[in-house]
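> The following block contains the structure, expressed as structure tokens.
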Amino acid sequence: MPRTGKPAVRKVAAVERALAVLDAVAAADDVGTNELARRTGINPSTVSRLLATLVGSGYVRHVEETGRYRLGPRLVQLGNAALAGLDLRELARPVLAELAAETGETATLSVPGEPDAITVDFAQSASSVQSVARVGRPSIAHATATGKVALAYGGAALPDGPLRAYTPRTIVDPGQLAAELERVREQGYAVAIGEREDDLNAIAAPVFGPGRELVAILGLQGPAPRFDAAAVDRASAAIASRASALSAALGGEIAARGGVASR
């Protein structure tokens, strides 16, 4: 049979039944054989044999005290392997393009640093007047929206000593910065209005991986005359929803306003 480079169309019925049972166990969290049979429409004796196979492979765990079934540790290994194979920039590229198209501003993807986050990809604004992003450029931790997200959600700490004032609006007081970071955690995103450059405004939101680890930061930046405080506020829903979707794609928790996260 000639190779087409595509998956075969015909499916294996026994595998489909096993996957149906596995999905039902996942949906119920803790379930017995007869209940699984009802949920899947598969004969109880077949469900029992499928469960024995899944238990033997570690995909399902049999709870001896109750005789019921739960998901097994093998799925954690597979999940971690799948997440390790994901390319963050590949996943984020269409998100960056969507944000740039929707808002008309430059969208950026950064990763946490020590202490400054680093830009790893971006989608340029189509406007004739635009904010120019550069791969490898650090986002000053206390003076940028991306940097504030890294401080609020990541493990980076500011260096000792006075904070540099890049503009008259840069936050240099540690107490004021602590209050700003608490506000970031409450609302789920950070804003910088002329804090690194007088004529540049920005907004950024966290992207989480498993265990609510900060793995990336989505940002939007634009010239202050167009991307003013009102425009930044209007962009908050767009960037927060895209960051949550990217978090979900990476198997992470979804940021929510009020400091609460969901899966």
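> List pairs: first in region 155-181 and at negative phi, second exposed (fewer than 10 other Cβ atoms within 10 Å of the Cβ), Cβ under 8 Å, 6+ apart or cross-chain?
The qualifying pairs are Val172/Pro162.
> At least 3 residues that are modelled with pLDDT of 80 or more in each: list the helices (runs of 4 or more DSSP H) lying fully within region 34-139 that qualify.
Passing ranges, in order: 44-57, 88-103.
> Can you tell me which condition Ala18 does not meet? The list is (1) surrounded by 16 or more Cβ atoms within 10 Å (Cβ to Cβ); (2) in the same structural domain as Gly222 (by TED's automatic domain parsing), and all the others hold.
Looking at each condition in turn, Ala18 falls short on (2).
> I need the full set of residues from region 182-221 which are under 20 Å from the mean Cα position of the chain (by Cα) and at positive phi, in order please.
Gly188, Gly211, Arg212
> In region 29-62, what count of residues is obtained for those that are exposed (fewer than 14 other Cβ atoms within 10 Å of the Cβ) and within 33 Å of the chain's Cα centre (by Cα)?
3
> Further question on the same structure: Within region 203-223, is even one residue of a type in the set (Val, Ile, Thr) and surrounded by fewer than 18 Cβ atoms within 10 Å (Cβ to Cβ)?
no
> With respect to Leu158, determine if the residue is in the same structural domain as Thr119 (by TED's automatic domain parsing), among the aliphatic types (A, V, I, L, M), over 18 Å from the mean Cα position of the chain (by Cα) and modelled with pLDDT under 90.
So Leu158 passes the test.
> Can we say Ala235 is modelled with pLDDT of 95 or more and surrounded by 18 or more Cβ atoms within 10 Å (Cβ to Cβ)?
The answer is no for Ala235.
> Kindly list the number of the only condition in (1) surrounded by fewer than 21 Cβ atoms within 10 Å (Cβ to Cβ); (2) in contact with a Pro (Cβ under 7 Å, 6 or more places away or on another chain); (3) not aliphatic (A, V, I, L, M) that fails for Gly252.
(1)
> Quick one: is Leu218 within 14 Å of Thr146 (Cβ to Cβ) and part of a strand (DSSP E or B)?
Criteria met by Leu218.
> On the basis of being under 25 Å from Asp121 (Cα atoms), free of Cβ contacts under 8 Å to residues at least 24 places away in the same chain and in the same structural domain as Thr108 (by TED's automatic domain parsing), does Ala204 make the cut?
Details: under 25 Å from Asp121 (Cα atoms): yes; free of Cβ contacts under 8 Å to residues at least 24 places away in the same chain: no; in the same structural domain as Thr108 (by TED's automatic domain parsing): yes.
Criteria not met by Ala204.
The values are calculated or read from the model by the stated rules, or taken from the named source; none is laboratory data. Keep in mind the model is a prediction, meaning the values are calculated, not measured. For neighbour counting, all protein chains shown are included, and Cβ atoms are generated from backbone atoms with ideal geometry for every residue, glycine included.
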